[in-house]
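Trainee: This structure is in structure tokens; I'll ask about it shortly.
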Amino acid sequence: MAALEKNSVVAVIGSGAMGAGIAQVAAAAGYRVKLYDTRPEAVSKALADIAKMYGKLAEKGRMTMDEAVAATARLHAAGSLADVADAALVVEAIVENLDVKRSVFAELEALVADDCILATNTSSISVTAIAAKLRRPERLVGMHFFNPVPLMALVEVVEGLATSEAVAATVYDTAAAWGKNPVHAKSTPGFIVNRVARPFYAEGWRLLSEQAGDPATIDAVLREAGGFRMGPFELMDLIGHDVNFSVTQSVFGAYFNDPRFTPSVLQQEMVNAGFLGRKSGRGFYAYGENAGAPVAQAEAAQPKPEVVTLSAAIGSDGRGHSGIVHSLVQRLEQSGFTVSSRVLLEGQAHDAAPALHCNGAAIYLTDGRSATQRAHDNQHADTVLFDLALDYATAKRIALARADQCSDAAYAAAVGLFQAAGFTVTLLDDVAGMAVMRTVAMLANEAADAVNQGVCTAAAVDIAMQKGVNYPRGPLAWADQVGIEHIVTVLQNLAQGYGEDRYRVSPLLRRKLASGAPFHA
């Protein structure tokens, strides 16, 4: 299939932020756009705002003035639904209510030609359900844009049970012609992004509820070590806790109360209190002229240890799981350390995984056990864990956890080691899986389940999470980088530690582990 021909009529129903954004993108791409809303004054304002935006883009050199004038000329107000009868594509962007959407599409179906494609921008309602009562349900498809539409690259092209493959292909190609990154998805609760993103918030809530750290500290670790643009709490403050909580409840209910999607009691309390985030002036953080900047926990300066060694079990190259420990050692060596490797003989190794050693401390990458549990299992009290980072060469911050049995002297040596390598060191209380590792493991797990259940491909889920919510790396590409074996180990240890089905391992992760094949070649 191919995209709709340029100069075709695209009708947009609804002139709110989403509808106006869709109209702006379509007209800029060369399509004639008719914008309809039950409030004519809202349409007039939206068209004027879009024209101003084109002018600003021309001033910034992102389009020429001639292009801005031409795009503005392609925008038209529709006085009634009857005025969009000549549309080749109608995109609905109105209230998230099934009955209202069905009513609008039923009216549209009686007006437009039989080959007109009907698309819904719904973010949470079943595309199958919206189409079910149409005379020709095969021509209705989801075309889920992300806000703000002109800036966000992703479009989820969502197929309901009745959606024609040809219709989905045409919408996919049309979205690409509009400069977007489209991905195909099946109509399941949350589609791709709103489903796969749930653990980003859920694990943040879990860390907070178990007092691993305060919101500012957890946010800083996810940002400055994990590479996310925002931490979970500042992002929920931006989205609005009422909106975020509602989406979580919706996905939880749609999956028949699967514990993986369980909403947070703490967030319910936030909503009950009216602490909704930026829009209410208060969420986890205060907003306004006199609001102070949040401060993340950071350890006081400690002396640089003199000797650092790297141990590994017999047969290991001493360089760590999937290159993670190796990349950390490289940073230590570039900071002036001489890291000597030593292979531990049978009976000497505390753990098969590689560990850094200094002043009696054994320092491991977290594997989903708490530091206290790992110290007990290894019979080595002075155990310290470090969290996952997106890139140890450039990360500004690293999180550590110390076993309850760990001596102050051993822990201080570990802190001094990382500080000497240029990290800001944050202490998290000893919660299993720490912050970045458990979040990435759960994101990869949910992404794998989406692929395993035929919602989308591995490539699509990674594109969706990078282009739709700005993740620094796709969850499955991240699993490849960390090592699928290690991701599975983290999840298994979390499941064992908590005794909850929430942390069950996706069958596709187990299959990949057994085959030795990565998600991406």
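The values are calculated or read from the model by the stated rules, or taken from the named source; none is laboratory data. Keep in mind it's a predicted model, so treat the numbers as computed, not measured. Backbone-built Cβ (ideal geometry, glycine too); neighbour counts: all protein chains shown.
Trainee: Quick one: in the range 184-228, which of the residues that are buried (at least 21 other Cβ atoms within 10 Å of the Cβ) and touching a Cys at 6+ places or on another chain (Cβ under 8 Å) is nearest to Gly283 (Cα to Cα)?
Mentor: Ile192
Trainee: For the range 125-147, how many residues are assigned to a loop (DSSP other than H, G, I, E, B) and surrounded by 17 or more Cβ atoms within 10 Å (Cβ to Cβ)? Break it down into steps so the answer makes sense when it comes.
Mentor: Here is the first cut: in the range 125-147, the ones assigned to a loop (DSSP other than H, G, I, E, B) are 125-126, 132-136, 146-147.
Adding the requirement that they be surrounded by 17 or more Cβ atoms within 10 Å (Cβ to Cβ) leaves 125-126, 134, 146.
The number of residues fulfilling the criteria is 4.
Trainee: In contact (Cβ under 8 Å) with a residue 24 or more places away in the chain, assigned to a loop (DSSP other than H, G, I, E, B) and not β-branched (Val, Ile, Thr), is that true of Leu4? I'd like the intermediate steps shown before the answer.
Mentor: Working: in contact (Cβ under 8 Å) with a residue 24 or more places away in the chain: yes; assigned to a loop (DSSP other than H, G, I, E, B): yes; not β-branched (Val, Ile, Thr): yes.
Yes, satisfied.
Trainee: Of all residues in the range 358-412, count the ones that are free of Cβ contacts under 8 Å to residues at least 40 places away in the same chain, β-branched (Val, Ile, Thr) and either crowded, with 22+ Cβ neighbours inside 10 Å or assigned to a strand (DSSP E or B) (or both).
Mentor: So the count comes out to 2.
Trainee: Still on this structure, I have one more. When the residues of the range 111-124 are filtered to those that are under 13 Å from Asn194 (Cα atoms) and in contact (Cβ under 8 Å) with a residue 60 or more places away in the chain, which remaining residue is surrounded by the fewest Cβ atoms within 10 Å (Cβ to Cβ)?
Mentor: Narrowing the range 111-124 to residues under 13 Å from Asn194 (Cα atoms): 122-124.
Add one more test, that the residue is in contact (Cβ under 8 Å) with a residue 60 or more places away in the chain, and what stays is 123-124.
Numbers: Ser123: 20, Ser124: 16.
Top of the filtered list is Ser124.
Trainee: If we keep just the residues of the range 82-123 that are among the hydroxyl-bearing types (Ser, Thr, Tyr) and outside any loop (DSSP other than H, G, I, E, B), which is nearest to Val43 (Cα to Cα)?
Mentor: Here the answer is Thr120.
Trainee: Same structure, new question: Please verify whether Gly79 is assigned by TED's automatic domain parsing to the domain that holds Met152, surrounded by fewer than 14 Cβ atoms within 10 Å (Cβ to Cβ) and assigned to a loop (DSSP other than H, G, I, E, B), treating the condition exactly as stated. Before the answer, list the steps.
Mentor: Details: assigned by TED's automatic domain parsing to the domain that holds Met152: yes; surrounded by fewer than 14 Cβ atoms within 10 Å (Cβ to Cβ): yes; assigned to a loop (DSSP other than H, G, I, E, B): yes.
Answer is yes for this residue.
Trainee: So Met236 ticks every box in (1) out of contact with any Gly (no Cβ under 8 Å at 6 or more places or on another chain); (2) at pLDDT 95 or above; (3) within 22 Å of Gly468 (Cβ to Cβ) but one. Which box is left unticked?
Mentor: (1)
Trainee: Among the numbered criteria (1) part of a helix (DSSP H, G or I); (2) closer than 19 Å to Val469 by Cα, which single criterion is violated by Val183?
Mentor: (1)
Trainee: Please work out if Ala51 is farther than 24 Å from Ala106 by Cα and either basic (Lys, Arg) or surrounded by 17 or more Cβ atoms within 10 Å (Cβ to Cβ) (or both). Working first, answer last.
Mentor: Numbers: farther than 24 Å from Ala106 by Cα: yes; either basic (Lys, Arg) or surrounded by 17 or more Cβ atoms within 10 Å (Cβ to Cβ) (or both): yes.
Yes.
Trainee: Moving on to the next point. Would you point out which residue out of Asn257, Asn272, Asn290 is free of Cβ contacts under 8 Å to residues at least 12 places away in the same chain, polar (S, T, N, Q), farther than 26 Å from Leu238 by Cα and surrounded by fewer than 18 Cβ atoms within 10 Å (Cβ to Cβ)? Talk me through it step by step, then tell me what you get.
Mentor: Numbers: Asn272 fails: farther than 26 Å from Leu238 by Cα; Asn290 fails: farther than 26 Å from Leu238 by Cα.
Checking each option against the conditions leaves just Asn257.
Trainee: Filter the range 461-488 for residues that are closer than 18 Å to Ala517 by Cβ and touching a residue at least 60 places away in the same chain (Cβ under 8 Å) and give the result. Talk me through it step by step, then tell me what you get.
Mentor: Here is the first cut: in the range 461-488, the ones closer than 18 Å to Ala517 by Cβ are 461-462, 474-488.
Across the range 461-488, the qualifying residues are Val461, Pro475, Gln481, Val482, Gly483, Glu485, His486.
Trainee: Hey, could you check the range 487-511 for residues that are touching an Asp or Glu at 6+ places or on another chain (Cβ under 9 Å) and buried (at least 24 other Cβ atoms within 10 Å of the Cβ) and say which is farthest from Val155 (Cα to Cα)?
Mentor: Among residues in the range 487-511 that are touching an Asp or Glu at 6+ places or on another chain (Cβ under 9 Å) and buried (at least 24 other Cβ atoms within 10 Å of the Cβ), the one farthest from Val155 (Cα to Cα) is Leu494.
Trainee: Would you say Val158 is modelled with pLDDT of 95 or more, in contact with a Ser or Thr (Cβ under 8 Å, 6 or more places away or on another chain), outside any helix (DSSP H, G or I) and crowded, with 17+ Cβ neighbours inside 10 Å? Give the steps one after another, and end with the answer.
Mentor: Numbers: modelled with pLDDT of 95 or more: yes; in contact with a Ser or Thr (Cβ under 8 Å, 6 or more places away or on another chain): yes; outside any helix (DSSP H, G or I): yes; crowded, with 17+ Cβ neighbours inside 10 Å: yes.
Yes; evaluated as a whole, the condition is true for this residue.
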